[in-house]
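Here is the structure we will look at, set down as structure tokens.
Taken together, the values in this text are just the output of simple stated rules run on the coordinates, not laboratory data. In this text the structure is predicted, and so the values were computed from the model without any measurement. Every residue, glycine as well, gets a Cβ built from its backbone with ideal geometry; the counts of neighbours run over all protein chains shown.
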Amino acid sequence: MQARLLLEDGTLFTGKSFGAEGELTGEVVFNTGVTGYQEVVSDPSYYGQIVTMTYPLIGNYGISRDDFESIVPAIHGCVVRRYEPVPSNWRAQYSLGDLLKEHGVPGISDIDTRMLTRKIRQQGTMKGIITTSAKSVEELAEMMASVRVDELHNQVARTSTAHLYHNPGWKERIVLIDFGAKNGILRQLNQRGCDVVIVPHNTTADEIRRLNPDGIQLSNGPGDPKDVPHAVETISQLLGEYPIFGICLGHQLLSLACGADTEKLKFGHRGGNHPVKDLATGRCYITSQNHGYTVTESSIAGTGLEITHINNNDKTVEGVKHTKYPAFSVQYHPEASPGPQDNSYLFDQFLDMIHEHKRQNPQKPRQAELMAIAKGEL
């Protein structure tokens, strides 16, 4: 079946369909990862986006139940050069095309993804529409234009959990504020024995206090950090009271809560091969990234924050820490799903911060809170 991709600048690509029939509009972006397409498709941070994979062969190892980052794919479309419908991998349970069809996500193959990527790099991200219908270009352009900007924003509310839930552990209690969290973050905390309580994005500071956490994890998530001002307010109220670790969107929200500013990048950082320099050691890490916004470097002065990491490609801010309070964050993904594994030490750093904070600020026993969760009262 034929599929088409129309960009808002009028560029039309014609290829083959390998996903669901119909049409979806989204922001067209590109990802430079060689592997990890299943994690990309299921990453909530890609909500509302049509993702172009720059690696030319996608689908060859299929889909495994163990590699999802969320239950339902978040993307609005998948664009590839060549799609392999028959996976060759003992772990594969079905194909990428089957996954997209099951969840109503269109996919298009056999187009010039190099040309598309260069266009995005030169002109910046833009809206697009993928369709398998016979509608005219004029009709598609009208449909794309009718999608309001705010419909491609406020994605956090669409990807965050609607209700609090508990992932039991026997060590430190971490409240994970879900702005569209990847399962990889929860896995990293679970591996360290943490008692994790996952809460919705609009949970108030008082509601979090009643959970009596040892630390607060700010998750990744989609979209513009300024679309969730309530989260900024909550973080500002909790800052200094509990150790805080932010990832990706959580990094931007922590920075906003401290008084810094954010801005939209021309085409963002998406892939598993982005070099980041640790300013304290001079060491360069290869990181997994997925974001379209960044903390404005010039806005950090006077906020109590200091820059800890920078991107070696474009020198954008990749990490900050507070000089007074136990709080730090990184723009990249240390849970590495997909991506390199050499940044998971940041979770250990977070726990070390919690231990030091608890030593200096002994907390009350939390048996009452544990009992309330067990009874379903929290």
For segment 251-341 the trypsin sites (Lys or Arg not before Pro) that pass both the DSSP coil test and the at-most-11 other-Cβ-within-10 Å test are Arg283, Lys315, Lys324
On a straight-distance basis, which lysines could pair with Lys277 in a cross-link, Cα separation under 19 angstrom, same-chain partners fewer than 8 positions away excluded?
Lys315, Lys321
In bins 5 Å wide, starting from 0, what share of all Cα pairs of segment 216-256 does each bin hold, as a percent?
6, 28, 38, 21, 7, 1
Rounded to 10°, Cα long-axis angle of helix 137-146 versus longest principal axis of the chain
20
Please report the antiparallel percentage of the DSSP beta bridges confined to the chain, to the nearest 5.
60
Farthest positive-ward along the chain dipole, Cα basis, beta-carbon charges - from Ile75, Thr125, His355:
His355
With charges only on Cβ, +1 for K and R and -1 for D and E, what is the dipole size of segment 156-374 about its Cα centre, in debye, rounded to 20?
260
Once the other residues with Cβ under 12 Å from the Cβ of Arg114 are scored (Lys, Arg +1; Asp, Glu -1), what is the net sum?
+3
Looking only at lysines whose Cα falls under 29 Å of Lys101's and that sit 8 or more positions away or on another chain, we get Lys16, Lys119, Lys127, Lys135, Lys182
Given unit charges at Cβ for Lys, Arg (+) and Asp, Glu (-), the dipole magnitude of the chain about its Cα centre in debye, nearest 20, is 580
Please give the net charge around His309, taking every other residue with its beta carbon less than 15 angstrom from that of His309, where Lys and Arg add +1 and Asp and Glu add -1.
-2
Rounded to whole Å and sorted largest first, list the principal axis extents of the Cα atoms in the chain.
65, 46, 38
Label Glu241 and Asp9 with points 7 Å out from Cα along Cα→Cβ: what is the distance between them in nm?
4.8
Within segment 156-374, percent of DSSP bridges classed antiparallel, to nearest 5
60
Between Arg209 and Glu102, what length comes free when the chain is fully extended (0.36 nm per residue of separation minus the Cα-Cα distance, one decimal in nm)?
34.5 nm
Could you calculate the contour length gain from His166 to Asn273, that is, 0.36 nm times the residue separation minus the distance between their Cα atoms, to one decimal place in nm?
35.2 nm
In 10 Å bins starting at zero, report the fraction of Cα pairs in segment 156-374 per bin as a rounded %.
8, 37, 39, 14, 2
Taking the chain as the reference, fit the longest principal axis to its C-alpha atoms, fit the long axis of helix 345-360 to the helix C-alpha atoms, and give the angle between the two in degrees, 0 to 90, nearest 10.
20
Can you compute the FRET efficiency between Lys358 and Asp227 using 1/(1 + (r/R0)^6), with r the Cβ-Cβ distance and R0 = 25 Å? Round to the nearest 0.05.
0.15
Mean separation of Cα contacts under 8 Å (6+ apart) over length of segment 2-152, as relative contact order %:
35
Take Glu138, Glu241 and order them by how many other Cβ atoms sit within 10 Å, fewest up front.
Glu138, Glu241
On a 0 to 90° scale, report how tilted helix 229-238 is relative to the longest principal axis of the chain, with both axes built from alpha carbons and the result rounded to the nearest 10.
20
Relative to the compact globular guide of 2.2 N^0.38 Å, what is the alpha carbon radius of gyration of segment 216-296, as a ratio?
1.14
Across segment 2-152, what fraction of all alpha-carbon pairs, as a whole percent, falls in each successive 10 Å bin from zero upward?
12, 46, 34, 8, 0
About the Cα centre, and with charges only on the beta carbon of Lys, Arg (+1) and Asp, Glu (-1), how big is the dipole of segment 193-245? Nearest 20 debye, please.
0
What value, in deg cm²/dmol to 500, does the helix sum -39500 (n - 2.57) over DSSP H runs of n ≥ 4 give at 222 nm once divided by the residues of the chain?
-7000 deg cm²/dmol
For Ala280 and Trp90, calculate 0.36 nm times their separation in residues minus their Cα-Cα distance, and state this gained length in nm to one decimal.
64.1 nm
What Rg and what Dmax come out for segment 273-358 when only alpha-carbon atoms are used, in angstroms?
13.0, 38
